[in-house]
Structure formats: structure tokens, C-alpha cells
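These notes are about the structure you will find just below.
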Amino acid sequence: MKKTTLIVVMGLAGFMANPSTASAEVRSLRGDLDITEDSRPATAVKPIAERGGFDRSYKLQPPMIPHSIEKDQITLKTNTCMRCHSEENYEKEEAPKVGESHFLSRDGKTMEKMSSRRYFCNQCHAPQSDAPELVENSFQGAK
Ligand code: HEC
Ligand code: HEC
């Protein structure tokens, strides 16, 4: 027990003694800012609005979001995506209903309510922007 504590303390001390080299080698998304400084706000990217939606690159690809989601909120209390995409609202809002797969339980059974595994929409669906590629990508979609 004591030995483990000692090892942890030694490890921490080693890390703290040399924080500058650690941050010089590993650059986080915060950039080179000190941990005590506020991070810089992300540059706003203009989302592409695509009428009729984006083509999918392969079967069962989560379709990309063809509209802005800047005003949408997905929190413990609210999911504004469902104001338009839920079974109750989609016709009125003229939006596509969440996919059939969103009603499947872990065991593949169809449920009446949407699966909680699909609650965080932007885990799978992403808006698109005309930004340069961060890394070169030669992916070709299969039709
Ligand atoms: C105000 C209503 C509204 C809200 C809120 C909304 N959407 Fe949409 N969404 C639409 C409409 C309408 C379309 C169809 C657009 C078209 O095809 O031209 C659409 C299309 C989509 C599609 C493409 C479906 C496909 O088959 O191509 C996805 C994915 C999607 N929305 C996800 C989301 C997510 C995730 C959120 C929340 C972050 C959200 N939407 C919030 C109205 C809405
Ligand atoms: C775990 C990944 C995942 C999550 C989370 C998820 N989706 Fe999907 N979504 C998919 C996949 C995969 C498809 C394509 C298969 C299908 O239609 O079920 C899809 C399809 C869709 C479609 C198109 C349906 C159609 O008939 O063309 C809409 C709209 C959509 N999702 C909205 C949402 C919304 C809104 C949420 C959040 C409430 C959400 N999705 C959460 C993976 C996900």
C-alpha cells in the first residue's frame, strides 16, 4: 500500500518537475496556451446547407447534417434535434424522421421509443463545412 503511494508520488513529481518539455512535445487542441489561461475560441466555420441532404458514401453511413446546428442543444434535459426529427414532429416540420435503426434495442428488438443509445445525435451525425482537409484523404465512397 505504502509502496504504491510512493510510486504514484514519484511519478507525479517527475511529471511536475518537467512540464515544459511535456507540452512542447505534445500539443493539445488548446494549442500552446498555459493551463491557467482561457482557451482561444474556435474559429467559426460556415456550415454548408445542402437541399435534399448529402449523398451517402456507403450503405448505413449516418447521413451528414445538411443544415446549421449552431442553435441546437443536446443536454441531459433537452434535445432540440427532436423538435423536428422525432416521430411526433417530423411530418409537421417536414424533416426526415430519425432512422429505423434508432428504435432498435441493444439486442436488435424494435422499441416504441427511440433508443437512448441514439440520444447524442452528433456522436454520429456531423454538419459539413468547406474547410481544407486536416490530413490528406483519398477515401472513395462505395455507392
Ligand atoms: C428546425 C427543424 C430542424 C432541427 C431543429 C434539426 N433538423 Fe435536421 N433536418 C431538418 C430538415 C428539414 C432536414 C431535411 C433537409 C433537406 O433534405 O433539405 C434535416 C436533415 C437532417 C439530416 C439528414 C438526413 C438525411 O437522410 O440526409 C440529419 C442527419 C439531421 N437533419 C440531423 C439533425 C441533428 C443531429 C439535429 C440537432 C443537432 C437536427 N438535425 C436539428 C430539420 C431540422
Ligand atoms: C450511434 C450513431 C447514431 C446516433 C447517436 C444517431 N444516429 Fe441518426 N443515423 C445513424 C445511422 C447509421 C443512420 C442510417 C441508418 C438508418 O437510417 O437508421 C442514421 C439515420 C438518420 C436519419 C435519416 C433517416 C432516413 O430515413 O433517411 C436521421 C434524420 C437521423 N439519423 C437523425 C438523428 C437524430 C436527430 C439523432 C439524435 C436524436 C440521431 N440520428 C442519432 C446513426 C446515428
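Residues with beta-carbon under 14 Å from that of Ile48, excluding Ile48: net charge, scoring Lys, Arg +1 and Asp, Glu -1?
Here the count lands on -2.
Carbon and sulfur atoms: what percent of the 1.4 Å accessible area of the stretch 63-128 do they account for?
Carbon and sulfur atoms account for 51 percent of the accessible area of the stretch 63-128.
Distance between the C-alpha centers of the stretch 74-143 and the stretch 38-53? Whole Å please.
Cα centroid of the stretch 74-143 versus Cα centroid of the stretch 38-53: 18 Å apart.
With a 1.4 Å probe and all protein chains left in place, how much accessible area per residue does the stretch 63-128 have, in Å²?
78
Quickly work out the Ala42-to-Lys59 label distance, labels modelled 7 Å from Cα along the C-beta direction, and quote it in nm with one decimal.
Going from the Lys59 label point to the Ala42 one covers 3.3 nm.
Which FRET efficiency value, to the nearest 0.05, do you get for Leu134 and Lys71 by plugging their Cβ-Cβ distance into 1/(1 + (r/R0)^6) with R0 = 22 Å?
The computed FRET efficiency comes out at 0.30.
Treating cross-link reach as a plain straight distance, find the aspartates and glutamates whose alpha-carbon is under 18 Å from the alpha-carbon of Lys46, omitting any fewer than eight places away in the same chain.
Cα-Cα hits under 18 Å: Glu70, Asp72, Asp130, Glu133.
The values are calculated or read from the model by the stated rules, or taken from the named source; none is laboratory data. As the structure is a prediction and not an experimental result, all values here were calculated from the model. As a convention, Cβ positions derive from the backbone with ideal geometry for all residues, glycine included, and neighbour counts pool all protein chains shown. Surface areas here come from the heavy atoms of the whole protein model, side chains and all, with no ligands, DNA or RNA. Shrake-Rupley method; radii C 1.70, N 1.55, O 1.52, S 1.80 Å.
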